[in-house]
Amino acid sequence: MINPWSSASLDYEKLTRQFGIKPFTELLGELENPHLLMSRGIIFGHRDYGRIIKALREKKDFAVVSGMMPSGNMHIGHKMIVDQLIWYQKNGADIYIPIADMESYSARGIDFESSRKLAITEYITNYLALGLDFKASNVRVYLQSKNRTVQDLAYELAKKVNFNEMKAIYGFNGSTNIAHLYVPLIQVADILHPQLEEFGGPKATVVPVGPDQDPHIRLTRDIADRFKSTYDFVAPSSTYHRFITGLTGGKMSSSQPKTAIFLSDTPEDAEKKVMTGKTGGRESLKIQKELGGQPEECVIYEMLLYHLLENDEKLQEIHDNCKNGTMMCGECKSMTRDMIRVFFEKFSKKREKAAKIADKVLVEY
């Protein structure tokens, strides 16, 4: 199995396990056909994922919940979530996609109509273009502000959560507006409401997130236990994925355009951006031939690892040739540039088609 990660990333995993996150590798062999993100170590940790494996093996009902925040343009790093949803959909899961317009309003000042428009023109359009089948009966996408079931459940759950707990988890203080204080309970209800009787009753549920969201997962699991006698909730499972590195070497962020390749970029723009990406090259060509490159520190290699190259053998070859100094950064960049251009040429056409039907996807509760 490809293992492109440095010792620094292993320290990162150790840090997350301090909070009870377990390595995903311990369960990988139990999955009949794991997603590439799993087999390549990009999905690196989990909580109680054995419940999901059991549901997959026994063909039992289970749910996946993954929200979208309508506050900016989607970049290629966000594609990871959609790829996972497509895999789960093919494996029989019920897919729940809350649009966090209440959080956008309370925390970022984005009005509800703007959130709705952005969710349709940017997020739902991209989800469709990437291949998620919204016509299937097992997919529900909704606005939090329009979902009375979620709102009612959040209000009930709030009875067993106090301000000190919210302060400790989210850093709220005396100046936090009350709407912002309440939104995490809406998100808890987003995760738990697929287990209500009207949606089939208690079932295994998984939430794919980055490790920064683990405090919220822990809160949700605690609340599920607090309401065990009322609803018989199954504490939700979770998986944790790495974040793709930005083009400049730091975080890829929608608010920092130079760091990101956006899914709305033209093929030409995506191609140009790849050529600006930070590599794992050495100080000189001579030194790189002697010592080899550092694919574990290379943004270009990550593009191949996460999104562009499905063939494990070819990826391993590129990794090894970089490490032993027989492939230089210019060659790798040119190859990746060509691959991302092909991806965006196809994807841009799919986006055009998806944009015409995206406004018909939202479920009104």
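The phi-based Karplus calculation (6.51 cos²θ - 1.76 cosθ + 1.60; θ = phi - 60°) puts the 3J(HN,Hα) values of segment 71-77 at 9, x, 6, 6, 10, 5, x Hz, whole numbers, x for Gly and Pro. When shorter helices are ignored and each DSSP H run of at least 4 residues is given -39500 (n - 2.57), the per-residue value for the chain at 222 nm works out to -13500 deg cm²/dmol. Note on Asn162/Glu26: beta-carbon distance plugged into 1/(1 + (r/R0)^6) with R0 of 30 Å gives a FRET efficiency of 0.25. Computed packing ranks the peptides 21-34, 95-108, 45-58 as 95-108, 45-58, 21-34, most packed first, by mean other Cβ atoms within 10 Å. If only the Cβ of Lys and Arg carry +1 and only the Cβ of Asp and Glu carry -1, the dipole of segment 306-365 around its Cα centre is close to 420 debye.
Please give the FRET efficiency for Asp152 paired with Asp222, using the beta carbon to beta carbon distance and R0 = 22 Å, rounded to the nearest 0.05. FRET efficiency, Asp152 to Asp222: 0.60.
For the pair Thr276 and Glu331, label points projected 7 Å from Cα toward Cβ lie 2.7 nm apart. With an a/c value of 1.5 or above and a/b larger than b/c for the gyration tensor axes a ≥ b ≥ c computed over the alpha-carbon atoms, the chain is described as prolate.
What a 1.4 Å probe finds exposed on the chain is 50% carbon and sulfur by accessible area, rounded to a whole percent.
Of all lysines in the structure, the ones whose alpha carbon falls short of 21 Å from that of Lys251, not counting any fewer than 8 places away in one chain, are Lys14, Lys79, Lys272, Lys273, Lys278, Lys333.
To the nearest ten degrees, helix 178-192 and the longest principal axis of the Cα atoms of the chain are 80 degrees apart. Axis of helix 148-157 versus longest Cα principal axis of the chain: the two differ by about 80°, to the nearest ten degrees.
May I ask you to work out the translational diffusion coefficient for segment 194-256 at 10 °C, viscosity 1.306 mPa s, via Stokes-Einstein with Rh from the Kirkwood sum over Cα pairs, reported in whole µm²/s? Reported coefficient: 116 µm²/s. The packing ranking, built from the mean of other Cβ atoms within 10 Å per residue, places the peptides 114-124, 263-273 in the order 114-124, 263-273, highest first.
The angle between the Cα long axis of helix 7-17 and the main principal axis of the chain comes to about 10°, on a 0 to 90 degree scale.
Taking all protein chains into account, the per residue accessible area for the chain stands at 47 Å² (1.4 Å probe). In segment 94-213, Cα pairs under 8 Å separated by at least six residues give a relative contact order of 28 percent. Give the relative contact order (percent, whole number) for the chain; include only Cα pairs under 8 Å separated by 6+ residues. The value is 20 percent.
Cα convex hull, segment 263-312: 102 Å³ per residue, rounded to a whole number.
Only bridges with both residues in the chain count here: give the DSSP antiparallel percent, nearest 5. Of all bridge pairs located within the chain, approximately 35 percent are antiparallel.
The values are calculated or read from the model by the stated rules, or taken from the named source; none is laboratory data. This is a predicted model, so every value here is computed, not measured. FYI the Cβ positions are ideal-geometry reconstructions off the backbone, even for glycines, and counts take in every protein chain you see. The protein model used for the area step is the full one, side chains on, heavy atoms only, and it has no ligands, DNA or RNA in it. Shrake-Rupley method; radii C 1.70, N 1.55, O 1.52, S 1.80 Å.
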